[in-house]
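Where a number appears in this text, it was derived from the coordinates with a stated rule and is not lab data. What you see is a predicted model, and the numbers here were worked out from it, not measured in a lab. Cβ atoms come from the backbone with ideal geometry, glycine included; neighbour counts cover every protein chain shown.
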Amino acid sequence: MKNRVEDVAAVRGVINAYIEGSKGDAELLRSIFHSDAGMNGYFSGQLLIGSPEPFFAEVAKIDSSAPQGNYRAEIESIEVIGDVASATLVEQDFLGSGFVDFFHLIRVEGDWKIISKTYHQDS
């Protein structure tokens, strides 16, 4: 069995990479999502179900060298059991809105990948 403390730290590393990638690095984001990942939630009242590709496209429009305003993100929880994990992230001022993101991750050939993201837009 893997060391659970190390696994939690590795999952935290993936979520921290998600935070950094959200500041304009779509390729970093693409690298931490599984190629078959799904992304679901409501954005501006519209239900969106599908791949994360539209999200990557929006992030690619962000100038990563420019200040990101008041964007902040905080990992609220991480749980790891064997080769699966979940994490909750609270974001403030991402593209002008607040979000709560629920991630599911899976270990693939030793690396943690986001397999799904379900989100709620706060404002």
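General remarks:
- Residues of the range 20-49 that turn out to be within 15 Å of the chain's Cα centre (by Cα), surrounded by fewer than 17 Cβ atoms within 10 Å (Cβ to Cβ) and within 22 Å of Asp122 (Cα to Cα), as a count: 3
- The lone exception for Asp93 - which of (1) closer than 16 Å to Ile15 by Cα; (2) without any contact (Cβ under 8 Å) to a residue 40 or more places away in the chain; (3) in contact with a Lys or Arg (Cβ under 9 Å, 6 or more places away or on another chain) it fails: (1)
- Of residues in the range 39-63 being out of contact with any strand residue (DSSP E or B) (no Cβ under 7 Å at 6 or more places or on another chain) and in a strand (DSSP E or B), the one nearest to Val84 (Cα to Cα): Leu47
- Selection within the range 28-49 - under 19 Å from Val108 (Cα atoms) and out of contact with any Lys or Arg (no Cβ under 6 Å at 6 or more places or on another chain): Leu28, Leu29, Arg30, Ser31, Ile32, Phe33, Ser35, Asp36, Ala37, Gly38
- Looking only at the range 78-102, and only at residues there that are among the small types (Gly, Ala, Ser) and within 21 Å of Trp112 (Cβ to Cβ), the one that is nearest to the chain's Cα centre (by Cα): Ala87
- Being touching a Lys or Arg at 6+ places or on another chain (Cβ under 7 Å), more than 16 Å from Phe99 (Cβ to Cβ), in contact (Cβ under 8 Å) with a residue 24 or more places away in the chain and hydrophobic (A, V, I, L, M, F, W, C) is a description that applies to Ile78.
- When Asp36 is tested against (1) in contact with a Ser or Thr (Cβ under 7 Å, 6 or more places away or on another chain); (2) in a strand (DSSP E or B); (3) charged (D, E, K, R), only condition (1) is not met.
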